[in-house]
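The structure appears right after this line, and notes come after that.
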Amino acid sequence: GLTLEDYPRPSVAVDTAVLTIADGRLSALLTLTNDAVRDASEEWRLPGSFLHEGETLAHAVLRSLRDKAGIAGLRPRQLHVFDAPDRDDRGWVLSVAHLDVVRSDRLAASDRTRLVPVDDLPDLRYDHSTIVAFAVDALRADYRRMPDPAGLLDPAFTMAELRRLHEIVLGERLLPDTFRRAMLPLVEATRELRREGRGRPAELYRLVAA
């Protein structure tokens, strides 16, 4: 005979790990919290928000990116639900974490946002460091299967540029010949060349159309 009102309810939040390549390193977007603006204590977090009444998760994510980071036009995907009862010292809060990966030129620069290498993140509250770790693992899994699923390169790229991107994302050095053999079935030559330094021109490739 119990109704929904008889059960305790958690608050629901959304937090988004926006990953990009900045200064040759895999980086995450952090935003200055509203609390920091009010009391002058600096604290950085992932862009996020509590779910508003009558709002979908997707709308809440886009709203938080717009309001907290000044970003529009992204298409984040759900990553994982973080539900440890003690993850938030303010109360019982579930976080539905999301992930998006974009080129850095799509991220608006401001004094309330910063890009921080994922290996140099400060201590982040509310599982945000774990959310970034989940996001990095998901991104690396994508790049182990596909050449450039996030579209971080220009439409035409050299094999060296593609390998360098994979090295940044995966955080490891890759053997050029082995990498080339693995990628050739997944890309196609454009029959164009690009000169890089004093060496011979490098062949350009593009992703194979799905």
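The values are calculated or read from the model by the stated rules, or taken from the named source; none is laboratory data. Quantities reported herein were computed from a predicted structural model and do not represent experimental measurements. Virtual Cβ from ideal backbone geometry, glycine too; neighbours counted across all protein chains shown. Surface areas here come from the heavy atoms of the whole protein model, side chains and all, with no ligands, DNA or RNA. Shrake-Rupley method; radii C 1.70, N 1.55, O 1.52, S 1.80 Å.
For segment 8-30, which positions are more than 15 Å from the chain's Cα centre (by Cα) and in a strand (DSSP E or B)?
Those that are more than 15 Å from the chain's Cα centre (by Cα) and in a strand (DSSP E or B): SER11, VAL12, ALA13.
What strands (runs of 3 or more DSSP E) lie completely within segment 100-210 and have 1 or more residues being within 20 Å of GLY24 (Cα to Cα) and among the β-branched types (Val, Ile, Thr)? I'd like the intermediate steps shown before the answer.
Numbers: elements: 113-117, 187-194, 202-207.
Passing ranges, in order: 113-117.
May I ask you to list pairs of residues, at least six apart or on different chains, whose Cβ atoms are under 7 Å apart, with the first in segment 1-22 being more than 30 Å from LEU153 (Cα to Cα) and open to solvent by less than 90 Å² (accessible area, probe 1.4 Å) and the second being β-branched (Val, Ile, Thr) and in a strand (DSSP E or B)?
The qualifying pairs are PRO10/VAL93; SER11/VAL93; VAL12/VAL96; ALA13/VAL93.
Enumerate the pairs (first residue in segment 43-56 and free of Cβ contacts under 8 Å to residues at least 24 places away in the same chain and part of a strand (DSSP E or B); second residue anywhere and among the polar types (S, T, N, Q) and surrounded by 14 or more Cβ atoms within 10 Å (Cβ to Cβ)) with beta-carbon separation below 9 Å, excluding pairs fewer than 6 apart on the same chain, so at least 6 apart or on different chains.
Close Cβ pairs satisfying both conditions: none exist.
Select, from GLY91, GLY70, the only residue that is surrounded by 14 or more Cβ atoms within 10 Å (Cβ to Cβ) and touching a residue at least 12 places away in the same chain (Cβ under 8 Å). Show your work before the answer.
Numbers: GLY91 fails: surrounded by 14 or more Cβ atoms within 10 Å (Cβ to Cβ).
Exactly one residue qualifies, and that residue is GLY70.
Pairs only if they're at least six apart or on different chains, beta carbon under 9 angstrom, first in segment 185-210 and without any contact (Cβ under 8 Å) to a residue 24 or more places away in the chain and more than 24 Å from MET146 (Cβ to Cβ), second part of a loop (DSSP other than H, G, I, E, B) and open to solvent by 80 Å² or more (accessible area, probe 1.4 Å); list them, first residue then second.
LEU193/ARG200; PRO201/ARG195
Would you check if there is a residue in segment 166-187 being open to solvent by 20 Å² or more (accessible area, probe 1.4 Å), over 25 Å from HIS59 (Cβ atoms), among the charged types (D, E, K, R) and modelled with pLDDT under 95?
Among the residues of segment 166-187, not one is open to solvent by 20 Å² or more (accessible area, probe 1.4 Å), over 25 Å from HIS59 (Cβ atoms), among the charged types (D, E, K, R) and modelled with pLDDT under 95, which makes the answer no.
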